[in-house]
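A short write-up of the structure that comes next.
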DNA sequence: GTCTATAACCTGATAGAC
DNA sequence: GTCTATCAGGTTATAGAC
């Protein structure tokens with residue numbers, strides 16, 4: 001598959017390989033991806049791939065590092081900010097994350113799958129550590145709802161935001177939605193999810 | 001990995017292989033799983049695996065069929081039932097699904113990953129089709145909140161329930177939770193999620 | 001830096017003895 | 001039915017010419 005070079009102009013060879021690797025790894029995962037496919041997609045020779053990156057694993061590590069940064073990097077600054085309200089954080093988080101995922105819909109499933117296969121490598125992803133242990137977000141959650149573990153709200157917000165992208169391959173074929181319709185739904189969720197989160201946070205069990 | 005036979009007694013050879021395949025495929029996915037690992041885990045020889053199942057693919061197809069049934073099979077009857085209220089359906093769904101996922105935490109990531117790699121194979125998974133097109137659940141959602149696409153609520157309920165299991169490898173290492181603590185949180189969610197879903201469904205945008 | 005050719009290895013599958 | 005030994009094919013990685 002992908003026998004025709006996808007990147008012809010203006011990119012350095014190294015960048016062409018990385019661009020191709022991003023595509024092929026994201027689509028197939030580490031194990032199923034073949035270096036030949038990456039070389040073909042990049043429009044260069046297989047030997048050249050090993051000349052720039054010493055091995056498939058090393059090439060993958062670089063890509064994975066990027067993807068993790070993309071997936072987790074933007075979150076921490078929003079969550080740590082002590083000058084914003086809980087409500088603002090939720091709105092900003094959902095909006096930023098949804099935008100990023102619309103551009104990068106296969107990212108969550110890719111990252112989660114590879115973490116499953118090699119959990120050791122991701123033992124301490126610092127942004128999430130930060131959010132969980134030192135963030136203003138968690139402090140605000142604890143203050144508002146001290147009786148519920150803040151992880152419940154964090155997992156819920158993430159689940160509401162991220163899960164539709166994880167389930168997309170399934171949903172799209174089942175609900176007969178094309179890309180445009182799916183994107184429109186995700187845009188709608190930028191308003192819906194914060195609304196829901198606020199309601200959830202206000203809802204005490206016996207109210 | 002897995003060099004010592006895990007199943008020694010009372011299982012037929014065929015069942016030993018299937019049991020081993022369930023474990024290895026679930027942990028690694030189709031592409032990364034090696035038939036040698038499955039044979040070793042089963043405590044039998046590689047040739048025997050091909051004697052019982054003609055190929056890796058055929059063995060996998062059988063396992064996948066089981067897993068899909070496990071993942072989707074139980075849902076449809078709950079959602080289609082015309083004698084129960086929307087509230088009851090949500091509570092039953094979350095409780096049943098959570099119980100199943102506690103016993104089978106790696107199931108969602110496995111299923112989603114393999115659907116991504118081979119979307120064609122799962123084009124029409126009948127239980128979900130049923131839920132989306134003919135279920136009492138969707139009808140009740142439409143009646144209660146006609147202005148919101150029912151898929152929003154379905155994705156949200158699924159996300160709240162399933163996402164914590166998808167993110168588990170990540171969360172466990174990050175939040176320093178052991179298996180028991182994680183299970184306890186999931187048990188808590190059996191009460192929290194229905195509560196939240198009801199609040200969400202009642203919350204009109206300008207109320 | 002880039003290529004062709006090939007080495008070295010691994011994996012799924014089979015042949016054939018028991 | 002179960003095993004050992006091996007084949008056939010594919011994959012990563014490298015050698016060596018240009």
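Over its Cα atoms, what ratio of radius of gyration to 2.2 N^0.38 Å does the range A:15-100 give?
Ratio of Rg to 2.2 N^0.38 Å for the range A:15-100: 1.46.
Over the Cα atoms of the protein assembly as shown, compute the convex hull volume and normalise it per residue, giving Å³.
Given the Cα convex hull of the protein assembly as shown, per-residue volume reads 171 Å³.
Plugging the Kirkwood radius over Cα pairs into Stokes-Einstein for chain A, at a temperature of 10 °C and a viscosity of 1.306 mPa s, what D comes out in µm²/s?
My calculation gives 83 µm²/s for D.
For labels at residue A:55 and residue B:50 in the simple 7 Å Cα→Cβ model, what's the distance in nm?
The two pseudo-label positions are separated by 2.8 nm.
Placing one identical point scatterer on every Cα of the range A:13-64 and ignoring solvent, what is log10 I(q)/I(0) from the Debye formula at q = 0.20, 0.28 Å⁻¹?
-0.53, -1.14
Nearest 10 degrees, 0 to 90: what angle lies between the long axis of helix A:150-166 and the longest principal axis of chain A (Cα atoms)?
Tilt relative to chain A: about 40 degrees.
With axes computed from alpha carbons, what is the tilt in degrees of helix A:56-72 against the longest principal axis of chain A, rounded to the nearest 10 within 0 to 90?
30
Which angle between 0 and 90 degrees, to the nearest 10, do you get for helix B:86-103 versus the longest principal axis of chain B when only C-alpha atoms count?
Once rounded, the angle reads 20 degrees.
What is the distance in Å between the Cα centroid of the range A:146-192 and that of the range B:115-150?
So the separation of the two Cα centres works out to 15 Å.
Considering all alpha-carbon pairs of the range A:140-207, what whole percent are spaced by more than 16 angstrom?
55
With r as the distance between the Cβ atoms of residue B:74 and residue A:31 and R0 = 51 Å, compute the FRET efficiency 1/(1 + (r/R0)^6) and round to 0.05.
Once rounded, the FRET efficiency stands at 0.95.
Over the range B:95-185, with a single point scatterer placed on each C-alpha, what log10 of the ratio I(q)/I(0) does the Debye formula yield at q = 0.14 1/Å?
-0.67
We did not get these values from a lab; they are worked out from the coordinates using the rules stated. These numbers were taken from a predicted model, which means no experiment stands behind them. Heads up, the Cβs are rebuilt from the backbone with ideal geometry, glycines too, and the neighbour counts pull from every protein chain shown.
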